[in-house]
1. Output yes when any residue across segment 182-193 is over 30 Å from Asn267 (Cα atoms) and in contact with a Cys (Cβ under 9 Å, 6 or more places away or on another chain), and no when none is.
2. Which members of segment 415-473 meet the condition of being among the basic types (Lys, Arg) and under 26 Å from Ile360 (Cα atoms)?
3. Could you give every pair whose Cβ atoms fall below 8 Å, whose first residue belongs to segment 203-217 and is over 15 Å from Ala243 (Cα atoms), and whose second residue is in a loop (DSSP other than H, G, I, E, B), counting only separations of at least 6 or pairs across chains?
4. Within segment 456-467, can you find the residues that are touching a residue at least 40 places away in the same chain (Cβ under 8 Å) and within 20 Å of Thr503 (Cα to Cα)?
5. Select from segment 423-443 the residues that are in a helix (DSSP H, G or I) and touching a residue at least 24 places away in the same chain (Cβ under 8 Å) and write down the one among them that is surrounded by the fewest Cβ atoms within 10 Å (Cβ to Cβ).
6. Going through segment 376-408 one residue at a time, which ones are under 13 Å from Ser513 (Cα atoms) and in a helix (DSSP H, G or I)?
7. Does Arg250 satisfy the criteria of being in a helix (DSSP H, G or I), basic (Lys, Arg) and buried (at least 20 other Cβ atoms within 10 Å of the Cβ)?
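The values are calculated or read from the model by the stated rules, or taken from the named source; none is laboratory data. The model shown is predicted, which means the values in this text are computed figures rather than measured ones. We place every Cβ from the backbone using ideal geometry, glycine too, and count neighbours over all the protein chains shown.
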Amino acid sequence: MKKSIKNKRSKTRFLLKITICFALLFMVFLSKDTSYLSYAAQTDTEDEFCYLSDIPYVADQSSTGWREISLDKTPDNTAITVKVEGSNYTFEKGIFAHATSTVVYDLTNYSKYDYFTAYIGLNATSTRGDGVAFDIFTSQDGINWQSQLAEGPIDKLPGQNASFVKIDLKNAKFLKLYADDKMANASDHSVYADAKLIKEGYDDNAGIKTLAEYDEMLKKFDGQEITGDYELTLLQRELVNKAGPYALKRFSGESEENRQALSWLMNDLENIRLYIMGGTPEGGSYYNSLTQLSRLYNEYSSDFSNNERLNNTWYPDMTYGYLYKKMAMSIALTHSQRVGLWMQSGPVENQSDALRRYAIFKYMHKNGKLRATDKLDITPWFEALQVEEMRFVMNNNIDDEEILWLNAYVQTKLDQYKTTNYLTPHPYMAYIWPNYSNPIYYAEENKDYFNELFSVNGVGLFDLSYTIPGGKNNPTYNISVTRGTPDYKLYKVWMNFRNKFGTGAVCGGISKSGSNIRATHGIPAAVIGQPGHAAIIYYTKDARRQRLLEFG
């Protein structure tokens, strides 16, 4: 009996110990888990800076000349937008305070921050008026203020670039943002974009070096031949100079995909050389251009490492990867602004997408679609184009829907008549003033007529459907030509071509259609204006043919 009781007591002690151990372990787990969650909520970056719009301003010392002080948006609930380095950018954080305005902050509880930074200027909604004069003050007591702008107030007019300011707060307990309306307060939409308090040493540049830093790096190459690391550093500096450090920082910080694409571009001599030597992006926005390059890189990066040789006539060592890089760089530089059909670029059916256009020309190149005649194969021409030349192909003002159709339709004429005259627009078109809203194009009773008239190898224009390879995220593209309706008038290139109704186009339409015809066979072409007229300029590899202009 005693032994039994003793055994029970031992088991009870054992179970109690186990229970206590589990309880202690559980408490430790909770303690650690809570600590982890707390740390996750207070990230390193949060500790490094604090957005000014996330802390209260001193209401009784702050005022605005119109409506109210607005945090992280305009009073109309739109994003704060200012121009930086020539391009408009929206900001998730900032302060809108219409001049004349004063915004005061008590920094007593934020003494761990050493500087105030912001982009100060006029919001993009400001379109008129005499501008605003910005000044920034600090104080120890909130009564006596001292300007921190050594060269005086910063004047800003509508449309001007915002100015980046960095104000020392080490000996300040109060901060005052002041915007003066000068002579009048019309449209004085004063903003402090990305306004924040930061610690000493905080780097908000996403690893983008300044021009001064590049200049210092370049000193070690003085007197050397411009090659290798020397050339790479020069081109990196040129990109920062052209694009602007803010554009690169903003782009890189948008996503991990962007960061990887920028690293691929900037840290490879061949890549950055192709991009820089390709010229300025259409519309001038490097941010938009790099955005398209990031899309292309993340969709088709495996293409760029293809080391199979093309056996090009002029460059026998050129690889598919190098050609694909040139194509991607060209498209990134052209599709930095909208590319679409010259007749009507608004509808989505008449626009071009960078990834799709790349896929289309890759498909045509690989499948012999650039051969015009037995004696004239454009394929090696296309491969040999430099980026600035290839842009005239990729930027051609035609919708993606019609490229494959027009290439095939023109090829049927080239095959039939055995003459390169069918690379010109004249055999296809009549000189007649166009009317693309003409009901004949949209009438249901005319569908079969146009379908057959512009058919390819027995397949009607509206029945054609191409399925071509895509990339990583879009494995295939299904492409066909959309037909408009009486209620949705959709202009298309085929409307310019001869038909029984006697429609056509004049010099502008003839030249633009001619540019479309050549570009869909890989020939760089563009329309140039003349006094009261238009013409085509196009590329040729034949040195014996010096006639480069074809008049519409």
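1. No, segment 182-193 contains no residue that is over 30 Å from Asn267 (Cα atoms) and in contact with a Cys (Cβ under 9 Å, 6 or more places away or on another chain).
2. Lys418, Lys472
3. Taking only residues 6 or more apart or on different chains, the pairs are Met217/Lys209.
4. Of everything in segment 456-467, just one residue is touching a residue at least 40 places away in the same chain (Cβ under 8 Å) and within 20 Å of Thr503 (Cα to Cα), namely Leu461.
5. By that ranking, first place goes to Pro439.
6. Result: Glu402, Ile403, Leu406, Asn407.
7. yes
Table: residues versus (1) out of contact with any helix residue (DSSP H, G or I) (no Cβ under 6 Å at 6 or more places or on another chain); (2) over 30 Å from Tyr286 (Cα atoms); (3) modelled with pLDDT under 95.
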{"site": "Ala40", "(1), (2), (3)": "yes, yes, yes"}
{"site": "Glu46", "(1), (2), (3)": "yes, no, yes"}
{"site": "Asp106", "(1), (2), (3)": "yes, yes, no"}
{"site": "Tyr115", "(1), (2), (3)": "yes, no, no"}
{"site": "Asn123", "(1), (2), (3)": "yes, no, no"}
